[in-house]
Amino acid sequence: MTRKRDLPIGVESFQEMRKMGFYYVDKTGFIKTLLENWGKVRLFTRPRRFGKTLNMDMLRYFFEFGCDEELFAGLEIAKEKELCDRHMGKYPVISVSLKEVTGSTCEEAKRMLRRIIGKEALRFQFLLRSKKLTEIERQQYQALVRVNEEGIFTMADEFLLDSLLTLSQLLHKHYEQKVIILIDEYDVPLDKAYQSGYYDAMTNLIRTFFGRVLKTNDSLYFAVLTGCLGVSKESIFTGLNNFNVYTVKDVRYSEHFGFTEAEVRALLACYGFDAQYDAVREWYDGYRFGNAGVYCPWDVINYCGALRDGSVQRPQNYWVNTSGNDIVRRFISKANTAGRQEIEELIAGGSIRKKIREELTYRDLDADFDNLWSILFTTGYLTKRGVQEDGLTVLVIPNREICWIFVEQIQEWFRQETKRDTGRLDSFCRAFEQNDVSAIEEGFTAYLRKTISIHDTSVRKERKEHFYYGILLGLFGNMDHWNVMSNAEAGEGYCDIAVEIDNLETGIMIELKYAEDAAFEESCQVALRQIRDRKYEEILIRDGMKTIYRYGIACYKKRCRVVCG
């Protein structure tokens, strides 16, 4: 029996993927498109986890001197013999990723940048012995790789700004061939600087750093950059006249990042998971790059891996563990009433229409609330479903995974908001201790009006119930003297929420239902019958609770009904 290839979970090295025989979705057509559509400096912006780093590594191994042609055997680019003969293994390549330039201060960020440049320069130690370089030029190379006793790269700030320019000039002279420069995650240092309060200093550094190597550099053949955000050309890439930006809106290159439907079907078929196709599409599809429908490759590969080892059956949320979701929380916290209604519409499976600005400075993010729509779009939390004649982009949440993130972030924001009014929160929770049904109903309705509801008719009833259950559970989490149990095994099933208040010897049993078509009374009675019929209260009796209150709570949109029985 032929052994199936391993899935490349977490593998971002093209060489490792090909040498170790991992399953590879062929994206080498990217090379052909690059070569046939000339650009001196090109920036590709895509959400995280859509294959940018792997594609950049693929470019390095294709173009760099000493290319191992076997890495590309059988792939799409190998069919382009003329292109391969002219370009494969014909260039010096400088390849750096700035994703680790995440210092909390500008000085710390510069130390990280020195290390990244220094480590890349160490790949070219033959320059120390090059007969084509002068002694001064060899000394310049030494300055790039010099470290102190602690192993820290020591190049001065001014030399750091010239470092990629200097390295490209040295390689050009040694090889007598112009250099290809690859810069992955170019915007990470700016993002971190904005969060940490040294944005102006980092903007100046990056502007000079990029300007010197990418503008009027006679040693540059071409450069490719990748990132998430298309930062304004005026802020970073000033004076670069031959500079092209390709965003998720552009048709060219649209299928070179992320998985197409055909690629996903082929992958699932390879491992015998054809039956999971509909679930994969529901959870991980929905993105539109140019005119192409695209899946998130990180999610698809991780889910296939989990299916293969038997650890899961249903799709999981993998994006949430790999991408900071602060932007969603920031967006929700800044939203006014109209903005929250638009969020509700999106979560309900609807669409909104917004003007998208694809080039922003990080300072623009908080200058205008409407700019956050553009950021959610460029970072993959929203995707387009078309463009209207007036230029407005039709935006939707791409899939269930991202919708789940929105709901989770809404609930977290709501929990933080409720903590600010501890008196009101304490009164609401104590109403359960005192069996004050009117106060419970009034208080919970007030909280529901403040948050963002889920009323999507296509969403399963269980998921709607989970949303309200999550809100109530979050409110209870602030009661230090309560022992709150969620989905605890009780009697002949699992109750939604059980609470034990030891000092009062009081137990609270709650079953929550979604009231379809506002059938509040009926839904409350169904909840109470479930508590009684399945003997949920046994867990409280066993733990010594003398007084037990049973609450059936029914919710519909931003209203609720509470019945005690």
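The values are calculated or read from the model by the stated rules, or taken from the named source; none is laboratory data. Predicted model, so just to flag it, every value in this text is computed and none were measured. Quick reminder, even Gly has a Cβ in these numbers, built from the backbone with ideal geometry, and neighbours come from all protein chains shown. Accessible surface is based on the protein model in full, side chains and every heavy atom, while ligands, DNA and RNA are left aside. Shrake-Rupley method; radii C 1.70, N 1.55, O 1.52, S 1.80 Å.
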Restrict the check to region 412-434 and report whether at least one residue is without any contact (Cβ under 8 Å) to a residue 24 or more places away in the chain, open to solvent by less than 40 Å² (accessible area, probe 1.4 Å) and assigned to a helix (DSSP H, G or I). yes
What's the total number of residues in region 143-173 that are in a helix (DSSP H, G or I), of a type in the set (Ser, Thr, Tyr) and either in contact (Cβ under 8 Å) with a residue 60 or more places away in the chain or open to solvent by 50 Å² or more (accessible area, probe 1.4 Å) (or both)? 1
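Which of the following residues is within 27 Å of Ser13 (Cβ to Cβ), over 29 Å from the mean Cα position of the chain (by Cα) and not in a loop (DSSP other than H, G, I, E, B): Arg138, Arg123, Arg114?
On the way: Arg138 fails: within 27 Å of Ser13 (Cβ to Cβ); Arg114 fails: over 29 Å from the mean Cα position of the chain (by Cα).
Result: Arg123 is the single residue among Arg138, Arg123, Arg114 that is within 27 Å of Ser13 (Cβ to Cβ), over 29 Å from the mean Cα position of the chain (by Cα) and not in a loop (DSSP other than H, G, I, E, B).
Can you confirm whether Ala109 is at pLDDT below 95, surrounded by 22 or more Cβ atoms within 10 Å (Cβ to Cβ), aliphatic (A, V, I, L, M) and closer than 25 Å to Val224 by Cβ? Spell out the reasoning first.
Values: at pLDDT below 95: no; surrounded by 22 or more Cβ atoms within 10 Å (Cβ to Cβ): yes; aliphatic (A, V, I, L, M): yes; closer than 25 Å to Val224 by Cβ: yes.
So Ala109 fails the test.
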Looking at region 49-103, which of its residues are closer than 17 Å to Gly29 by Cβ and in a loop (DSSP other than H, G, I, E, B)? Phe50, Gly51, Ala73, Gly74, Leu75, Glu80, Met88
Just checking, does region 307-330 include any residue being in contact with a strand residue (DSSP E or B) (Cβ under 6 Å, 6 or more places away or on another chain), more than 24 Å from Trp413 (Cβ to Cβ), in contact (Cβ under 8 Å) with a residue 60 or more places away in the chain and open to solvent by 30 Å² or more (accessible area, probe 1.4 Å)? no
Single residue of Val437, Val394, Val459 found to be at pLDDT 85 or above and either within 30 Å of Tyr318 (Cβ to Cβ) or small (Gly, Ala, Ser) (or both): Val394
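Here is a yes/no grid of residues against (1) at pLDDT below 90; (2) in contact with a helix residue (DSSP H, G or I) (Cβ under 8 Å, 6 or more places away or on another chain):
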position	(1), (2)
Arg420	yes, no
Leu425	no, yes
Glu441	no, no
Phe444	no, yes
Residues to consider are Phe237, Phe222; find the one that is surrounded by 22 or more Cβ atoms within 10 Å (Cβ to Cβ), under 34 Å from the mean Cα position of the chain (by Cα) and aromatic (Phe, Trp, Tyr). Phe237
Are there any pairs with C-beta distances below 8 angstrom linking a residue in region 382-406 that is under 15 Å from Ile332 (Cα atoms) to a residue that is open to solvent by 20 Å² or more (accessible area, probe 1.4 Å) and part of a helix (DSSP H, G or I), with the two at least 6 apart or on different chains, and if so which? Trp404/Val320; Ile405/Val320
I'd like to verify a number: residues in region 165-216 that are basic (Lys, Arg) and under 23 Å from the mean Cα position of the chain (by Cα), how many? 1
Within region 477-490, identify whether any single residue is under 20 Å from Val563 (Cβ atoms), over 34 Å from the mean Cα position of the chain (by Cα) and hydrophobic (A, V, I, L, M, F, W, C), and answer yes or no. yes
Pair list, Cβ under 6 Å, 6 or more apart: region 23-52 residue among the small types (Gly, Ala, Ser), other residue surrounded by fewer than 17 Cβ atoms within 10 Å (Cβ to Cβ) and part of a helix (DSSP H, G or I): Gly29/Glu76
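Determine, yes or no, whether Ser254 is of a type outside the set (A, V, I, L, M, F, W, C), open to solvent by 60 Å² or more (accessible area, probe 1.4 Å) and either part of a loop (DSSP other than H, G, I, E, B) or in contact with a Gly (Cβ under 6 Å, 6 or more places away or on another chain) (or both). Walk me through how you get there before you give the answer.
On the way: of a type outside the set (A, V, I, L, M, F, W, C): yes; open to solvent by 60 Å² or more (accessible area, probe 1.4 Å): no; either part of a loop (DSSP other than H, G, I, E, B) or in contact with a Gly (Cβ under 6 Å, 6 or more places away or on another chain) (or both): yes.
Judged against the criteria, Ser254 is not a match.
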So Lys178 clears everything in (1) open to solvent by 60 Å² or more (accessible area, probe 1.4 Å); (2) more than 17 Å from Arg212 (Cα to Cα) except one condition, right? Which one? (2)
Quick check on this structure: which one of Val213, Val188, Val231, Val245 is in contact (Cβ under 8 Å) with a residue 24 or more places away in the chain, over 16 Å from Thr53 (Cβ atoms) and open to solvent by 10 Å² or more (accessible area, probe 1.4 Å)? Val245
